[in-house]
Amino acid sequence: MTIMNSFTQIQRTAWSLTALLLLIVSNTFAADPPPNIVFILSDDQAWSDYGFMGHTDIKTPHLDTLASSSLFFDRGYVAAPICRPSLASLVTGLFPHQHGVTGNDVAWGPDRSGYFSDKRHELDAPLRAAFHKNASFIRLLTSNGYLAHQSGKWWEGSWEDGGFTHGMTHGDPKRGGRHGDDGLTIGRTSMKPVTGFIDHAVEQKKPFLLWYAPFLPHTPHNPPKRLLEKYTMPGRAKDVAKYYAMIEWFDETCGELLAYLNEKDLTKNTIVIYICDNGWAARSTRPNDPHQKTFGHFALRSKASPYENGTRTPVMISWPGHVKPKKSKHLAHAIDIFPTIAAAAGLKTPEHLTGINLLDEEAVKNRKTVFGVTHSTHNMSPKNPDETLQYIWCVEDNWKLLVRYPGKDLTKWRKLHDWDKKPVRLYDVTKDPHETKEVSDAHPEVVSRLKKTIEAWHAATKNPGTSADDPAFVPLFNGKDLTNFETKDAATFWRIEDGVLIGESTPDKREHYLWTTKTYSDFILDFDAKWKGTTKRGVDTGIELRKPKLQLQLGISGSLRVDMTGSFYAGRKGYPKSGQATEAKKLLRPEGEWNSFRLQAKGNTFSCWINGKKASEYTDAEFSGAAPIALQIHGGVVMKVEYRNLRIADLAAGEGKTH
Ligand SMILES: [Ca+2]
């Protein structure tokens with residue numbers, strides 16, 4: 001190197017450092033603090049029952065104001081038409097048959113006598129444990145520095161179980177825990193738990209999430225006298241008047257909450273998201289409608305049904321200075337809430353989610369179809385969610401198709417669905433939003449097309465990684481250190497950054513393995529991985545079940561210049577399923593993007609799923625015994641591989657040796 005060259009080199013380096021420093025400094029000043037998120041969830045309110053949705057009798061002045069300052073979707077939908085599965089879908093961005101919570105209760109007979117018994121807890125515990133393995137926007141925020149407070153409806157145990165840092169619901173069945181217990185007083189008796197939490201978060205200088213899901217306008221319909229008097233009038237049924245008054249009561253509490261944010265000067269950096277969990281219609285609604293049927297104190301084709309009065313809801317997102325107030329003509333869905341919150345908070349949306357960021361105009365415009373399911377209300381089949389499936393519906397443009405499924409219901413709540421025997425129903429919900437004219441006979445081509453759309457969606461969303469019959473998974477990698485692994489001589493090739501396990505290889509010829517300290521024979525291993533090669537030799541990496549001396553290796557890779565293909569490589573016998581590898585490769589996202597994998601070993605058979613789809617299967621007659629699992633980067637191939645969310649279910653544990 002000449003003197004001139006090295007001088008230029010030094011100059012260049014100095015310049016780069018200065019530029020880097022400037023970049024860091026300017027970013028520090030430019031970056032806004034993360035936004036607070038106030039999530040308002042109405043409970044049992046039909047889509048049409050707001051001032052801003054055109055109702056002429058019900059007054060909702062505070063929500064009307066919120067709508068006028070929001071990106072506002074008047075055609076929003078929920079994943080399920082009753083509380084528990086609807087809430088579970090909101091927090092996970094998954095559909096009920098994916099997260100496993102398809103109804104309100106698992107069920108133990110024809111009546112609800114066991115609701116608060118130990119039996120409920122016993123039936124519910126495994127379902128809930130499986131549910132909590134799913135990612136949620138609550139956990140995403142609290143694991144990124146947010147404080148989070150739960151108030152109101154919450155079905156999945158306590159606020160701690162849900163990943164909140166603060167909250168009201170204890171979830172203890174012995175003390176009446178089912179769907180919110182102490183939390184259900186919020187709004188109805190006081191707003192203090194919520195405003196107190198806001199003060200606390202401000203004091204702590206932490207961004208916050210507020211889960212405000214008051215038991216309003218839900219039954220008991222016991223509004224303050226002043227409101228009931230306001231809505232009571234000749235010609236209006238008493239149950240209708242009570243429901244209307246409950247809505248204004250709910251609106252008043254929202255006004256109180258929004259005013260408190262204003263008072264504390266928090267409005268500007270707070271995103272307010274509004275949605276309702278499911279619809280409702282009082283028993284006396286439309287008494288002259290020949291299609292109207294009732295169940296208990298409510299009208300059918302509302303709560304618990306796939307009709308618009310069960311599933312449609314306004315969706316609002318307000319964020320002053322960031323989100324332009326506008327009424328969108330496009331569709332919104334409850335499964336979009338998680339990706340929207342993640343994007344707004346500057347966090348990464350988990351890859352497995354199919355919802356969209358509602359603040360992304362292109363994504364909103366390009367998504368044409370939304371879906372939802374209806375299962376039996378108080379009867380779940382945790383090991384087979386489809387066993388209680390009653391309907392799948394989809395909405396595309398003006399059309400809504402409902403497809404009937406023969407799900408079982410062993411409870412008296414079967415009456416909610418068993419009146420409807422028609423295999424398909426089609427409505428033009430733009431012209432006929434109350435679904436008074438069923439038009440499937442007039443539009444057989446629409447029925448046929450949307451039925452196929454529904455069937456394809458149903459097949460694609462049966463994800464092996466998320467149903468409630470999952471065995472017990474434990475994290476294999478804790479995101480912080482190499483507990484559960486032995487590095488042997490490879491320590492220098494593996495490191496951890498932001499909860500991600502990163503392996504980088506060198507041009508030398510050594511294998512760089514990370515070994516589990518435990519051995520496994522039958523297991524399911526889930527993980528996300530991405531990789532990048534830096535030379536022509538591409539990438540050579542994989543997960544192997546490896547007995548070091550025998551050199552028996554079974555990986556989802558193991559072949560030079562072939563990525564994680566789902567092919568199984570056994571020792572020196574080559575690539576027995578190369579045909580499968582070609583097919584499996586089509587399931588992979590481009591190099592550098594995250595892929596989710598499931599690797600299953602059962603007896604001598606090994607299977608691999610890539611991004612939710614079965615990719616390959618291989619049986620090795622010679623394999624026997626337990627072995628450690630090894631994460632490999634191949635020596636001599638210069639590459640980087642990243643792993644996260646490694647979790648394992650040891651299927652042989654507790655059952656003795658299976659080999
Ligand atoms: Ca509800």
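Where a number appears in this text, it was derived from the coordinates with a stated rule and is not lab data. Predicted model, so just to flag it, every value in this text is computed and none were measured. Cβ sites come from the backbone with ideal geometry, for glycine too, and all protein chains shown count toward neighbours.
The table below lists the values:
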{"read-out": "Segments 226-237, 375-386 sorted - mean Cβ within 10 Å per residue, highest first", "value": "375-386, 226-237"}
{"read-out": "Burial ranking of peptide ranges 520-532, 86-98 (average Cβ count within 10 Å, highest at the top)", "value": "86-98, 520-532"}
{"read-out": "Under the Karplus curve 6.51 cos²θ - 1.76 cosθ + 1.60, θ = phi - 60°, whole-Hz ³J(HN,Hα) for region 300-306, x wherever Gly or Pro sits", "value": "5, 6, 9, 3, 6, 10, x"}
{"read-out": "Proximal aspartates and glutamates to residue 480, defined as alpha-carbon separation beneath 15 angstrom and excluding residues fewer than eight positions away on the same chain", "value": "497, 498, 642"}
{"read-out": "Antiparallel DSSP beta bridges within region 32-362, as percent of all bridges there, nearest 5", "value": "30"}
{"read-out": "Cross-link pairs 153/412; 133/532; 225/327 - those with Cα-Cα distance over 27 Å", "value": "133/532; 225/327"}
{"read-out": "Protection proxy ranking of 246-256, 397-407 - average other beta-carbon atoms within 10 Å, highest first", "value": "246-256, 397-407"}
{"read-out": "Amide proton proximity set for residue 76, modelled H, under 5 Å, gap of 5+", "value": "313, 315, 332"}
{"read-out": "Whether region 32-362 is rounded, prolate or oblate, judged on the alpha carbon gyration tensor where a/c under 1.5 counts as rounded", "value": "rounded"}
{"read-out": "Long-range amide H partners of residue 299 with built H, under 5 Å", "value": "281, 282, 283"}
{"read-out": "Exceeding the 22 Å Cα-Cα cut-off - candidates 400/451; 348/586; 383/613; 365/585; 326/400", "value": "348/586; 365/585; 326/400"}
{"read-out": "Computed Rg/Rh of region 327-406, alpha carbon atoms with Kirkwood Rh", "value": "1.05"}
